[in-house]
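Data first, discussion second: the structure below is written as structure tokens.
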Amino acid sequence: MKRLIIGLTAATALALVGVARAEDTKTTESKTTVKEKDNGTGSVKAEKSTKTSSKAGSTKDTSTYTKDTEKNSMGGTTTKTEKKATHDAPGMKNDAKRDTKETIETDSHGNVVKHEKTGPEGKTETVK
């Protein structure tokens, strides 16, 4: 009898959890744009947005990725990459934000001449 009661209680709890999860909704949108030229230059831009709604509130996550490649005066390329991400949750005072940038310069032989990174804190450091 005791096993039967425990089994029925567990089954009821699982059924209620399944119903609560069914009420959550998740919407995702993404957009990507690619532009490329014959000389090896171009740009890529990708945006993604996700919104999750539940009884507790809604959470929104957004991210963007941008990469631009251009010819430089040394005959090589300059590649600039930027990544941004935000997380907005209900009840959080300081929502998470990330912003990183990276610049890579190469010469005509493909050797890296300059490599800089800017972290989420805004501090720029030279990698090479």
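How about the range 46-91: which of its residues are among the small types (G, A, S), assigned to a strand (DSSP E or B) and either touching a residue at least 40 places away in the same chain (Cβ under 8 Å) or farther than 22 Å from T118 by Cα (or both)? Across the range 46-91, the qualifying residues are S49, S53, S54, G57, S58.
Conditions (1) within 30 Å of T50 (Cα to Cα); (2) of a type outside the set (A, V, I, L, M, F, W, C); (3) loosely packed, with under 15 Cβ neighbours inside 10 Å, marked per residue:
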| residue | (1), (2), (3) |
| --- | --- |
| A96 | yes, no, yes |
| D99 | yes, yes, no |
| H109 | no, yes, yes |
| E121 | yes, yes, yes |
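Residue count for the range 29-40, restricted to those that are open to solvent by less than 80 Å² (accessible area, probe 1.4 Å) and either of a type in the set (D, E, K, R) or at pLDDT 90 or above (or both): 1. Counting the residues of the range 46-69 that are at pLDDT below 90, open to solvent by less than 90 Å² (accessible area, probe 1.4 Å) and out of contact with any Pro (no Cβ under 8 Å at 6 or more places or on another chain) gives 3.
Please enumerate the residues belonging to the range 73-86 that are within 21 Å of K45 (Cβ to Cβ) and open to solvent by less than 60 Å² (accessible area, probe 1.4 Å).
Filtering the range 73-86 for residues within 21 Å of K45 (Cβ to Cβ) gives 77-86.
Those that are within 21 Å of K45 (Cβ to Cβ) and open to solvent by less than 60 Å² (accessible area, probe 1.4 Å): T77, T78, T79, T81, E82, A85, T86.
When S49 is tested against (1) within 25 Å of I104 (Cα to Cα); (2) under 13 Å from the mean Cα position of the chain (by Cα), just one condition goes unmet, and that condition is (1). Selection over the range 64-99 of residues that are within 11 Å of the chain's Cα centre (by Cα), polar (S, T, N, Q) and farther than 20 Å from K35 by Cβ gives a count of 1.
Assigned to a strand (DSSP E or B), out of contact with any His (no Cβ under 6 Å at 6 or more places or on another chain) and surrounded by 15 or more Cβ atoms within 10 Å (Cβ to Cβ): does that describe S43? Outline the logic, then answer.
Values: assigned to a strand (DSSP E or B): yes; out of contact with any His (no Cβ under 6 Å at 6 or more places or on another chain): yes; surrounded by 15 or more Cβ atoms within 10 Å (Cβ to Cβ): yes.
So S43 passes the test.
The values are calculated or read from the model by the stated rules, or taken from the named source; none is laboratory data. Worth saying up front: this structure is predicted, and the values here are computed from it rather than measured. Neighbour counts run over all protein chains shown; Cβ positions are idealised from the backbone, glycine included. The area values use the complete protein model at the heavy-atom level, side chains included, leaving out ligands, DNA and RNA. Shrake-Rupley method; radii C 1.70, N 1.55, O 1.52, S 1.80 Å.
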